[in-house]
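*Asks:* Quick one: this structure, given as structure tokens, is what I'll be asking you about.
Please treat every number below as a calculation from the coordinates, not as lab data. If you're wondering where the values come from, they're calculated on a predicted model, not measured in any experiment. Cβ: placed from backbone, ideal geometry, glycine included. Neighbour counts: every protein chain shown.
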Amino acid sequence: MKIAIVAPYCSLPGEPNFNRFWYLAVLLSQQHDVLLLTSNFKHLNKSFRRPEMAENASQGRLKVKLLKESGYTKNVSLARVRSHHVLVKDFETWLQNCRHGDWDIIYSAYPLIATNILLGQHKERLGYKLVIDVQDVWPEAFSAVIPALKKIPHNLLPFAARANRAYAAADGLVAVSQSYLDRAKEANPDAAGEVVYIGADYEKLGRAEAKHFGGEATRFFYLGTLSYSYDMETVCKGIQRLAQAGEKVELHIMGGGPDLEKLKQYESDAVKFYGYIPYDEMMSVAKGCDVAVNAIQSYAMQSITNKLSDYMALEKPILNSQENAEVLELLNLLPHANYRSGDVEGFIRAAKELIAHKNGAVDSDEIVRRFKRDISYQKIVQLIERLGGVS
């Protein structure tokens, strides 16, 4: 088959952070011709890719095309809106230049909404089947910036009609959680659907050696973005309070974002910042720690995130503030304790509880089934091949 993957936020080889679309592109290219379309702008560090990076990333039956974007410095800004507009116009030009039969399947990340609407408009003319992979739910995710929006029914939110239009165009729906798939299927109940968690690369994880810290401290760790959706200030305050009370605790924070400088006021012997570091180094530090921290604001719409996939694969106890029902069910597979975001006293109680019970039972077999990519991603391959008429 000829497959195009549209993933504006995809990480390429040599860049930090895993992206499921590169993994899937490589997997599909073992049997099919694949073109990966992604942005020339890297959202993570707000820098531009050089044109030759597309050629360098291409391999065998997998080719890479960079779409033009104007770039931005702040995640919430008019410059980001303009940048997305530039990308969408460049993508539309590419789509208009395609001919009937060029593609059997187009597999597209959601968001963006606009690229998926365009794919729905051109589907009949070009004769492809469309699969949408729901990574986040927009406009519902606006509640991370404006928490009051969480109280409004999602179909009454701005842009909800456009979101429904995008979902409705799909022949197949894949989502990183059941709640995201359910939302998409409200607009398109007849589409084939699969839930496939972002998952973890167990091979890379297995190669990482646990960092040896020495001493008797209980070490908590956090991976990923530091921004308005994540309540790391409560975590830093809680660890600081525990350390001041004589508890032997440390917090190791790996990642960055707009809240990094504000959080650095808590930097101390007990609270350590690493910034963005390579995945294998990050896993080495995490393996050497004792407890993972899943610090998500109560109003945020995230479900099964990248960091939670890594936490589950590491099989570390999890200190959790996320209220998503699907997440709470998953946490029963290993030791965990819950607290409410913003509640420092609640964090301290939960941390003490987990320190006392961190050696509880772990359902390793079920975690592997759900989170090991070379197993779970076969569901995506099978869906694509079924829609493409490959037996």
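*Asks:* Describe numerically, in nm with one decimal, the distance between label points set 7 Å from Cα along Cα→Cβ at K65 and at Y276.
*Replies:* Reported label-point gap for K65 and Y276 is 2.6 nm.
*Asks:* Mind sorting out which of [x] -0.57, -0.80, -1.17, -1.30; [y] -0.97, -1.08, -1.19, -1.25; [z] -0.54, -0.81, -1.30, -1.47 is the real log10 I(q)/I(0) by the Debye sum over Cα atoms at q = 0.09, 0.11, 0.14, 0.15 Å⁻¹ computed from the coordinates?
*Replies:* Here log10 I(q)/I(0) by the Debye sum over Cα atoms at q = 0.09, 0.11, 0.14, 0.15 Å⁻¹ agrees with entry [z].
*Asks:* Another one. How large is ³J(HN,Hα) for each residue in region 99-105, as worked out from phi by the Karplus curve 6.51 cos²θ - 1.76 cosθ + 1.60 (θ = phi - 60°), to whole Hz, x for Gly and Pro?
*Replies:* Coupling constants for region 99-105: 10, 4, x, 4, 10, 8, 9 Hz.
*Asks:* Which number do you get for Rg(Cα) / (2.2 N^0.38 Å) in region 191-238?
*Replies:* Values: Rg = 16.8 Å, N = 48, 2.2 N^0.38 = 9.6 Å.
After normalising by residue count via 2.2 N^0.38 Å, the value is 1.75.
*Asks:* Oh, and also: Just to be sure I understand the curve: with the Debye formula and one point per C-alpha of region 342-386, what is log10 I(q)/I(0) at q = 0.14 Å⁻¹?
*Replies:* Each listed q maps to, in turn, -0.60.
*Asks:* How far, in nm, would the chain grow between A245 and E345 when pulled straight, counting 0.36 nm per residue and subtracting the alpha carbon separation?
*Replies:* Values: separation 100, 0.36 × 100 = 36.00 nm, distance 1.30 nm.
Extra length available between A245 and E345 comes to 34.7 nm.
*Asks:* Another question, then. Residues with beta-carbon under 14 Å from that of Y339, excluding Y339: net charge, scoring Lys, Arg +1 and Asp, Glu -1?
*Replies:* Values: positive: K237, R241, R340, R349, K352; negative: D231, E233, E323, D343, E345, E353.
Net charge in that neighbourhood comes out at -1.
*Asks:* Follow-up question, since we're still on this one. Give the distance, in whole Å, between the Cα centre of region 186-214 and the Cα centre of region 1-38.
*Replies:* 16
*Asks:* On to the next question. Any chance you could run the full-extension gain for Q265 through A192? It's 0.36 nm times the residue separation minus the Cα-Cα distance, nm to one decimal.
*Replies:* Values: separation 73, 0.36 × 73 = 26.28 nm, distance 4.88 nm.
Once the chain is fully extended between Q265 and A192, it gains 21.4 nm.
*Asks:* When a/c reaches 1.5 or more, the comparison of a/b and b/c decides; with that in mind, is region 210-261 rounded, prolate or oblate per its Cα gyration tensor?
*Replies:* Working: a/c = 3.28, a/b = 1.45, b/c = 2.26.
In terms of gyration-tensor shape, oblate.
*Asks:* What residues have an amide H closer than 5 Å to that of L251, excluding those fewer than 5 places away on the same chain, when H is modeled at 1.01 Å from N in the peptide plane?
*Replies:* Result for L251 returns F220, V271, K272.
*Asks:* Kindly express, to the nearest 10 degrees and within the range 0 to 90, the angle between helix 78-96's C-alpha long axis and the longest C-alpha principal axis of the chain.
*Replies:* Helix 78-96 sits at roughly 30 degrees to that axis.
*Asks:* Of the peptides 102-110, 349-357, how do they stack up when ordered by the mean number of other Cβ atoms within 10 Å, highest first? Display every interim value, and only then the final one.
*Replies:* Details: 102-110: 23.8, 349-357: 16.9.
Ranked by mean Cβ neighbours within 10 Å, highest first: 102-110, 349-357.
*Asks:* Taking amide hydrogens as modeled 1.01 Å from N in the peptide plane, which residues meet the under 5 Å criterion relative to L36, leaving out close sequence neighbours?
*Replies:* Those lying under 5 Å, H to H, from L36 are I5, K63, V64, K65.
*Asks:* Efficiency by 1/(1 + (r/R0)^6): what FRET value for K74 and N332, r their Cβ-Cβ distance, R0 = 30 Å, to the nearest 0.05? Numbers along the way, then the final one.
*Replies:* Values: r = 38 Å, r/R0 = 1.28.
Once rounded, the FRET efficiency stands at 0.20.
*Asks:* Name the residue, out of A187, A286, A170, whose mean-square fluctuation peaks in a Gaussian network model built on the chain with Cα pairs under 10 Å.
*Replies:* A187
*Asks:* Scan around Q297 for amide H atoms under 5 Å from its own, H built in the peptide plane at 1.01 Å from N, and keep only partners 5 or more places away or cross-chain.
*Replies:* When sequence neighbours closer than 5 places are left aside, the close amide H contacts are Y230, D231.
*Asks:* Here is a further query. Please give, to one decimal in nm, the separation of the simple spin-label points placed at Q31 and E15, each 7 Å out from Cα toward the Cβ.
*Replies:* 2.8
*Asks:* Cβ neighbours within 10 Å, averaged per peptide: list 130-137, 47-54 in order, most packed at the top. Please list the in-between numbers first.
*Replies:* Working: 130-137: 24.1, 47-54: 13.5.
Per-residue Cβ counts within 10 Å, averaged per peptide and sorted highest first, yield 130-137, 47-54.
*Asks:* Net charge around I5, counting only other residues with Cβ within less than 12 Å of its Cβ (Lys, Arg = +1; Asp, Glu = -1)?
*Replies:* On the way: positive: K2, R20, K63, K65; negative: D33, D133.
Value of the local net charge: +2.
*Asks:* A follow-up question, please. So in the chain, what percent of DSSP beta bridges are antiparallel if you round to the nearest 5? Don't skip to the end; give the middle numbers.
*Replies:* Numbers: 4 of 52 bridges.
About 10 percent, rounded to the nearest 5.
*Asks:* Right, here's the next one. Need one number: convex hull volume per residue for region 202-370, Cα atoms only, in Å³. Walk me through the intermediate numbers first.
*Replies:* Values: hull volume 17.7 nm³, N = 169.
Residue-normalised Cα hull volume stands at 105 Å³.
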